[in-house]
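The values are calculated or read from the model by the stated rules, or taken from the named source; none is laboratory data. Everything quoted here is computed from the prediction, not taken from an experiment. FYI the Cβ positions are ideal-geometry reconstructions off the backbone, even for glycines, and counts take in every protein chain you see. For accessibility, only protein heavy atoms count, side chains too; no ligands or nucleic acids. Shrake-Rupley method; radii C 1.70, N 1.55, O 1.52, S 1.80 Å.
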Amino acid sequence: MFNWYPVWHRNALVWRTMAIPSLLGNFGEPFLYLLALGYGLGSFVGEVNGMSYATFLAAGIVCASAMNTASFECMYSAFTRMKVQLTWDAMLATPLSLPDILIGEIIWAGTKALISSAAILIVAALMGLVDGWTALLVLPIVFLLGCCFGAMALVVTSLAPGYDFFLYYFTLVVTPMFLLSGTFFPLDGAAPWVQTGASLLPLTHGVDLVRPLMTGTEINGLWLHLAVPLAYGMISNVIALRLMQRRLLV
């Protein structure tokens, strides 16, 4: 059993000192996105899949926020703790093991994703973009997405010589996934190769789960949508552990 809680608790205590500006950003940014893109651009787009564009967009932003928040946390913040502050070295001098630290970082990334996405969900509900209490089931899903993207980001962190290295991941992986996972437009009308590629991305499956829950429509392929981000997270965790062992313990 992993002893991840001390790592999670340490990160939570540090975050608490900056909680107010962090929460203001979590509420303010999605409000501006939904206002500018949802209502501004939406007035030109009209309805998408039988719903307003703002409603369609809200679910995509909830999932994208989980991805961005967890990726940032397990790259820039985790790298700072590992390389600059040497926090991980101090932890390894205690009974904590490297798997404890990595699991703690991944669960903390899932927690940050949950906080960020919950704020967007509240904003969307206040703007009338959420249909019913089933939207609360979005919360465990964004936690799963946060853990998945946190584990993927740790793989990159294990290879990073410096902060600039993370730009490759954001440019080549995060941004294309953000644009091609059904966040801004339905994939039904896209080219077949785009649809096939998008179906391999964990964010696509997160959006396909969250959008029906926020709009009160039926979910198709529930277990597949849960299995894909779970598989990405577990495989990435194993890879990150191997690479971190080589970097920190050998």
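For the range 50-65, the criterion of being over 19 Å from Phe149 (Cα atoms), open to solvent by 30 Å² or more (accessible area, probe 1.4 Å) and in a helix (DSSP H, G or I) is met by none of the residues. Filtered by the rule that a residue be under 27 Å from Phe27 (Cβ atoms) and surrounded by fewer than 20 Cβ atoms within 10 Å (Cβ to Cβ), the range 78-106 gives a lone residue, Thr80.
Of all residues in the range 218-230, those that are under 7 Å from His205 (Cα atoms) have Cβ atoms under 8 Å from Cβ atoms of residues that are buried (at least 16 other Cβ atoms within 10 Å of the Cβ) and of a type in the set (A, V, I, L, M, F, W, C), 6 or more apart or on another chain, in His225/Leu209. In summary, Val45 fulfils each of the numbered conditions (1) of a type in the set (A, V, I, L, M); (2) at pLDDT below 95; (3) open to solvent by less than 40 Å² (accessible area, probe 1.4 Å) with the single exception of condition (3).
May I ask you to verify whether Arg247 is under 26 Å from Gly128 (Cα atoms), among the charged types (D, E, K, R) and either crowded, with 16+ Cβ neighbours inside 10 Å or in contact with a Leu (Cβ under 9 Å, 6 or more places away or on another chain) (or both)? Steps first, answer last, please.
On the way: under 26 Å from Gly128 (Cα atoms): no; among the charged types (D, E, K, R): yes; either crowded, with 16+ Cβ neighbours inside 10 Å or in contact with a Leu (Cβ under 9 Å, 6 or more places away or on another chain) (or both): yes.
No, not satisfied.
Taking residues in the range 94-106 that are on the phi < 0 side of the Ramachandran plot and part of a loop (DSSP other than H, G, I, E, B), and partners anywhere that are at pLDDT 95 or above and open to solvent by less than 20 Å² (accessible area, probe 1.4 Å), not one pair has Cβ atoms closer than 6 Å while being at least 6 places apart or on different chains.
Given the structure, is Tyr39 open to solvent by 80 Å² or more (accessible area, probe 1.4 Å) and at pLDDT below 80? I'd like the intermediate steps shown before the answer.
Numbers: open to solvent by 80 Å² or more (accessible area, probe 1.4 Å): yes; at pLDDT below 80: yes.
When the stated conditions are applied, Tyr39 passes them.
Which residues, counting only those in the range 1-46, are assigned to a helix (DSSP H, G or I), among the aromatic types (Phe, Trp, Tyr) and in contact (Cβ under 8 Å) with a residue 24 or more places away in the chain? Hits for the range 1-46 are Tyr5, Trp8, Trp15, Phe27, Phe31, Tyr33.
Using the structure shown, decide if Thr157 is part of a helix (DSSP H, G or I), open to solvent by 60 Å² or more (accessible area, probe 1.4 Å) and of a type in the set (Val, Ile, Thr). Break it down into steps so the answer makes sense when it comes.
On the way: part of a helix (DSSP H, G or I): yes; open to solvent by 60 Å² or more (accessible area, probe 1.4 Å): no; of a type in the set (Val, Ile, Thr): yes.
No: the conditions fail for Thr157.
Residue pairs whose Cβ atoms lie under 6 Å apart, separated by 6 or more positions or on different chains, with the first residue in the range 141-157 and in contact (Cβ under 8 Å) with a residue 12 or more places away in the chain and the second of a type in the set (D, E, K, R) and buried (at least 24 other Cβ atoms within 10 Å of the Cβ), do not occur.
Taken residue by residue, the range 122-138 has at least one member that is open to solvent by less than 20 Å² (accessible area, probe 1.4 Å), under 24 Å from Ile235 (Cα atoms) and in contact (Cβ under 8 Å) with a residue 24 or more places away in the chain.
The lone criterion from (1) among the hydroxyl-bearing types (Ser, Thr, Tyr); (2) without any contact (Cβ under 8 Å) to a residue 60 or more places away in the chain; (3) within 26 Å of Leu139 (Cα to Cα) left unmet by Thr183 is number (2). Only residues that are of a type outside the set (Gly, Ala, Ser) and within 17 Å of Ser117 (Cβ to Cβ) were counted across the range 185-219, and they come to 13. Among the residues of the range 190-226, those identified as open to solvent by 80 Å² or more (accessible area, probe 1.4 Å) and in a helix (DSSP H, G or I) are Pro192, Trp193, Thr196, Trp223, Leu224.
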